[in-house]
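Chemist: Before I ask anything, let me first share the structure, which is written out below as structure tokens.
The values are calculated or read from the model by the stated rules, or taken from the named source; none is laboratory data. Here the structure is a predicted model, which means the values were calculated and not measured. Cβ sites come from the backbone with ideal geometry, for glycine too, and all protein chains shown count toward neighbours. In case anyone asks, the SASA skips ligands and DNA or RNA and just uses the protein heavy atoms, side chains included. Shrake-Rupley method; radii C 1.70, N 1.55, O 1.52, S 1.80 Å.
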Amino acid sequence: MSELDAIRVRFPDGAEEAFPKSTPAGSALQRWNAEASKSALAASWDGVPVDLAFPLPSDGDLAPLTFEDRAGRDILEHSSAHLVAKGLVESIPGALPTHGPPTEEGFFYDFDVRPLTPSDLDSVRAAMDRSVRAREPFVRRELSRLDAEILFANNPYKLRYIAEAPPDEPVSVYDTGTFTDLCRGPHVPNTGWLEGVHVLGFSAITQEDSGAAPLQRIRGVGFPTRAQLDQYLKMRTEAEARDHRIFGTKLDLFSFEDAAPGFPFWHPRGMVVIHELEKFVREHLDEAGYEEIRTPLLFAQSVYETSGHWEHYRENMFLTVVEGRTFGWKPMNCPGSMLIFRSRARSYRELPMRLAEFAPLHRNEASGTLHGLTRVREFIQDDAHIFLAEDQVEAEVRTLLAWIARAFATFRLEWNVELSTRPAHFLGEKETWDRAEAILEHVLKSTQTKYRLAPGEGAFYGPKIDIHIRDSLGRSWQTGTIQVDYQIPIRFDLEYQGPDGQLHRPVVVHRTILGSWERFLGVLLEHVAGRLPPWLAPIQVRVLPVTDRHSGASIGLVEELRAARVRSELAGADESIAKRVRTAEVDRVPWVVVLGDKEVAEGSVSLRVRGARETRSYSRAEFISYATDRVRRREFDP
RNA sequence: GCCGCCAUAGCUCAGUCGGUAGAGCGGCUGAUUUGUAAUCAGCAGGUCGGGAGUUCGAUUCUCUCUGGCGGCUCCA
């Protein structure tokens, strides 16, 4: 090979090799390290993802991209989206593909097409299978803009993408069999690599800011192998079995009625859990100098006009007319807190003033968004409003973030933080927003909190730090929130007198820790598959007499436990021990205690801990102190 | 709210090519008195989500309303 035609390629391990110019990336990787390149879906050329068929043009760095890399995963999912599009266009001629990106957990492709039906999906799946078996190559072509516009003349969506593409780059398309899609690439070499692709479902997508008909979205997931897909589907099935709505019924915690959609009915056992969560949060309140208040559930319209809800939130409010006057059920606690602050003159000595309120809130959520306990129309937040001088805000936010970390660790929940900044439509001055955002960002950075920036996602009155947790199917739900608000004090004309004798405007921090009891418990139930930590369990101990001879002693033990504030109950001897143990396990009771001849004689108990196969022997006093101790310390495991 | 799907006993589900229904679990009663994940038997329980239409006849077909599920949007 002549010096002119040779290029030097550097690989991830530092090795360097010479290749003829235009050697395909895949071939170069093979020669470098066949083993490491076996699972390569594509390659990275100087950090840019390229096809394995990409002809290497010059000296540079080359690395394999596999499913384990985020970029590689995106490529497989993106190729999967193409495969779905190919399947749909084959099944429904005239369907117009719009776009089909990879997502955090799979991919989707949106189509301009008549509403889909389940049998359409069957056809799509069949067409996809055929293509995978045929191992149809993804072939890249680069076209002039004009040729591309001719090729996609009947697809306005693609024409728009062509128009929006950078003008100095050629437009690329990929052919897969008879299907051609506008695409920047790269892709896997052929559809044979997509054996682990699965279509999950379809739905209509409202096209924002246009009155156009909804698009049809097909969602799916993609894995490199059929086995990995099967494993994923198995995980999904198991996750579905952990749905909190199932435990509402099985554990007799809560229910819903058709006549009150989105309004939970809390059963006695559910109330026990809610009360324990309240106690948990109230301990925090006492430690940190909060005071609790109670304000009306209904306010006249004028209050909401002052707070801004009438303008910004009326759609979501329940209204009621009394003697010709319109009242609204409060969707948030802020108005009541503001009115209490304003009820008399305030001094700087009272700040920070922390007013907590656990009141039922009503929000008229759109019917299609309701979802078990995680999206309801009536709920209680562990809410508080903190009135501060501006120089007190940062320390307060810092304290709140530390609390949130502690609280969520108690439940062994993983949580994600988002910093939501100024939205397009905002109240107030840009400068105060910048200050507020700077404070939040500084706290997050200085505490080394990992967070995602959500530009423009802030509330209309201020930026916020949001805490998100995921349910068993990976859906993310917002729970805790810390919002810095410069606007509501202006709206309610709040003032305090400072040490300088002048009147000053306070800043308000709206915040929740767990969010709402409803949503938090919903997600928690899924996390623990109904096995609540003992301190939250509605029944903590079930006492099983071996025979009726042991009932007296068992009743005595239940009474002793109750006197020690351990929630316990008796399971009579009508059924076999094995059956009663099984039932207790199904009922998620943390501790099962069996009393027979031996135990009655010794004054001991035979303890079976939830989930364990073996039993332990304790004296009654030992067991009671063991149980009360673990409950008091809020241990996660029984 | 939008698109699609679904709705049979308290729960999970079967069934009726149109002739008003069945199982398991749960509940109740009785027998059993059991040593750590299901003892046995009997009984009760359903205007087959509501309304309208087609039909001699509708739980079954059609329309509509309500609710639920999966997404979209929105949010604690």
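Chemist: If A:Gln231 satisfies all but one of (1) within 12 Å of RNA strand B (Cβ to nearest atom); (2) among the polar types (S, T, N, Q); (3) without any contact (Cβ under 8 Å) to a residue 12 or more places away in the chain, what's the number of the condition it fails?
Modeler: Just one mismatch for A:Gln231, condition (1).
Chemist: So, of the residues in segment A:577-627 that are assigned to a loop (DSSP other than H, G, I, E, B) and open to solvent by 70 Å² or more (accessible area, probe 1.4 Å), which turns out to be farthest from RNA strand B (Cβ to nearest atom)?
Modeler: So, considering only residues that are assigned to a loop (DSSP other than H, G, I, E, B) and open to solvent by 70 Å² or more (accessible area, probe 1.4 Å), the one farthest from RNA strand B (Cβ to nearest atom) is A:Glu614.
Chemist: May I ask you to list the residues in segment A:69-88 that are at pLDDT 90 or above and open to solvent by 30 Å² or more (accessible area, probe 1.4 Å)?
Modeler: Result: A:Arg73, A:Asp74, A:His78.
Chemist: Looking at segment A:498-511, is at least one residue among the aliphatic types (A, V, I, L, M) and touching a Ser or Thr at 6+ places or on another chain (Cβ under 6 Å)?
Modeler: Scanning segment A:498-511, I find no residue that is among the aliphatic types (A, V, I, L, M) and touching a Ser or Thr at 6+ places or on another chain (Cβ under 6 Å), so the answer is no.
Chemist: While we're here: Restricting the search to segment A:160-190, which residues are aliphatic (A, V, I, L, M) and modelled with pLDDT under 90?
Modeler: Across segment A:160-190, the qualifying residues are A:Ile162, A:Ala163, A:Ala165, A:Val171.
Chemist: Taking A:Thr326 and the conditions (1) out of contact with any helix residue (DSSP H, G or I) (no Cβ under 6 Å at 6 or more places or on another chain); (2) surrounded by fewer than 15 Cβ atoms within 10 Å (Cβ to Cβ), which numbered condition does it fall short on, given that it satisfies the others?
Modeler: So A:Thr326 meets the others, but not (1).
Chemist: Take segment A:556-576 and flag every residue that is of a type in the set (S, T, N, Q) and either near RNA strand B (Cβ under 9 Å from one of its atoms) or assigned to a loop (DSSP other than H, G, I, E, B) (or both).
Modeler: A:Ser576
Chemist: Now for a separate question. Do the conditions hold for A:Pro499, that is, is it in a loop (DSSP other than H, G, I, E, B), more than 11 Å from RNA strand B (Cβ to nearest atom), over 30 Å from A:Arg245 (Cβ atoms) and open to solvent by 10 Å² or more (accessible area, probe 1.4 Å)?
Modeler: Taking the combined requirement at face value, the residue satisfies it.
Chemist: Next question, about the same structure. What number goes with the only condition from (1) within 16 Å of RNA strand B (Cβ to nearest atom); (2) open to solvent by 50 Å² or more (accessible area, probe 1.4 Å); (3) basic (Lys, Arg) that A:Arg398 does not pass?
Modeler: Looking at each condition in turn, A:Arg398 falls short on (1).
Chemist: Please determine whether any residue of segment A:72-81 is of a type in the set (Ser, Thr, Tyr) and closer than 19 Å to A:His198 by Cα.
Modeler: yes
Chemist: Test each condition in (1) open to solvent by less than 70 Å² (accessible area, probe 1.4 Å); (2) in contact (Cβ under 8 Å) with a residue 24 or more places away in the chain for A:Val558 and report the one that comes out false.
Modeler: (2)
Chemist: Further, regarding this structure: So which residues in segment A:514-555 are closer than 21 Å to A:His284 by Cα and more than 14 Å from RNA strand B (Cβ to nearest atom), if there are any at all?
Modeler: Selection gives A:Leu532, A:Pro533, A:Pro534, A:Trp535, A:Leu536, A:Ala537.
Chemist: Please identify the pairs in which a residue from segment A:334-360 that is at negative phi has its Cβ atom under 8 Å from the Cβ atom of a residue that is among the basic types (Lys, Arg) and loosely packed, with under 14 Cβ neighbours inside 10 Å, counting only partners at least 6 apart or on another chain.
Modeler: Close Cβ pairs (under 8 Å, with a partner that is among the basic types (Lys, Arg) and loosely packed, with under 14 Cβ neighbours inside 10 Å) amount to A:Glu357/A:Arg294; A:Ala359/A:Arg294.
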